[in-house]
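Dropping the structure in here first, questions after.
Read-outs throughout are calculated quantities, based only on the coordinates presented, and are distinct from any laboratory measurement. Since this is a predicted model, take the numbers as computed values, not measurements. Cβ coordinates were reconstructed from backbone atoms using ideal geometry, including for glycine residues, and neighbour counts include every protein chain displayed.
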Amino acid sequence: MSTPHEHAVKVLNSLIETTLDSANGYKEAAHSSQDGQYKTMFSERSLKRMKITGELQQEVRTFGGEPEDDQSVLGKAHNMFVDLKAAVLGHDEKAIVNEVERGEDFIKAKFEKALAEDDLPATVREVVSRAFADIKSDHDSISALKKTLN
């Protein structure tokens, strides 16, 4: 049985991996986009996700844990697939936004699941809640953007 601190570190590290996936996904989207406005927005979101990552990593350290510093294997594979798809199909803004929204759905669900856990310490819940507010806002704006393109 793991201690509450070990559980908190495990949850936080899982969120860190997903947030790094998201930051890298936004970076890839910025690189792939031909639209200057989207490029800027995606770059800014990537930086925001890196800031969230840093906050989550700091929280892991407060529990004496070793924070994750790399994205998940699944995230790396997804980024490679998106790169390949962009190379083959070209840089389609609608497809880029669709991929970004898919990533936003995933990270939003992951943070919601973490917040639903009853046994997270209050400090962890607070950090995760603050991060989730930004993630949900970004998710909602990307969803709205997708609807204007479809």
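What three numbers, in Å, describe the spread of the alpha carbons of region 88-150 along their principal axes, ordered from the longest?
46, 23, 14
Using the basic label-point model (7 angstrom from Cα toward the beta carbon), what is the residue 6 to residue 149 distance in nanometres?
4.4
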